[in-house]
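Since the structure comes first, as C-alpha cells, the remarks are kept for the end.
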Amino acid sequence: MQRYSTVDMAVTMVFENFEANHITYDEKSVVNRVYSWYSHSDVTDPEILAACALMGKDWFPGADYDYMLAARNWWFPQSPEENIPIWEIEAAQRDTMWW
C-alpha cells in the first residue's frame, strides 16, 4: 500500500479547519476530494490541496493553477511579512530615526 504524505497533510488541514469551525464532515469524502485534486494536478503543496478541497468541489477541467492559488489565498492568507527577506528586516532594525 502506498502512502501519500502530501495528501495526508492536506486531509489533516481540512479536518482541522472543519473541527475549528464545528463543521461535520464525512472523512472518506474529504480524502477522496483531496486525492482528486492531487491526482489531477501537479500540485505538491498540502496547503493548496487543502484549500482546493475546502472550496467544496472535486477537481474539474477548468481549474488552473491561478484558481488553486486563489483558493489557497482565500483559506490560508499569506502574511506579507513572511515574504520579506531577513537581510531587509535586519537592515530596517539598524536604521536610526533622522528626526
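The label-point distance for Tyr65 and Thr6, in a model that sets each label 7 Å from Cα toward Cβ, rounds to 1.3 nm.
Working note: 222 nm ellipticity from helices only, DSSP H runs with n ≥ 4, each -39,500 (n - 2.57), summed and divided by the residues of the chain, gives -18500 deg cm²/dmol to the nearest 500.
Per-residue Karplus couplings for segment 25-31, computed as 6.51 cos²θ - 1.76 cosθ + 1.60 with θ equal to phi - 60°, are listed in order as 8, 9, 4, 5, 5, 5, 4 Hz, Gly and Pro entered as x. Look at Thr6, Thr24 and count the other Cβ atoms within 10 Å of each Cβ; fewest to most, that gives Thr24, Thr6. Semi-axis lengths, largest first, of the ellipsoid equivalent to segment 1-47 are 19, 11, 10 Å, with √(5λ) applied to each eigenvalue of the Cα gyration tensor.
Please give the peptides 9-21, 41-53, 61-73 ranked by average Cβ packing (other Cβ atoms within 10 Å per residue), highest first, as a rough proxy for protection. Kindly include the intermediate steps, with their values, before the conclusion.
Working: 9-21: 16.2, 41-53: 20.1, 61-73: 13.5.
Going by the mean number of other Cβ atoms within 10 Å, highest first, we get 41-53, 9-21, 61-73.
Less than 5 angstrom separates the built amide H of Ala63 from none of the residues sequence-distant by 5 or more or on a different chain.
Here the chain is treated as a sphere whose radius is the Kirkwood value from Cα pairs; by Stokes-Einstein at 37 °C and 0.692 mPa s it diffuses with a coefficient of 214 µm²/s.
Between Gln93 and Ser39, the contour length at 0.36 nm per residue exceeds the Cα-Cα span by 14.9 nm.
None of the figures in this text is laboratory data; all of them are computed from the coordinates on show. Because the structure is a prediction, the values reported are computed rather than measured. Please note: Cβ atoms are built from the backbone with ideal geometry, for glycine as well, and neighbour counts cover all protein chains shown.
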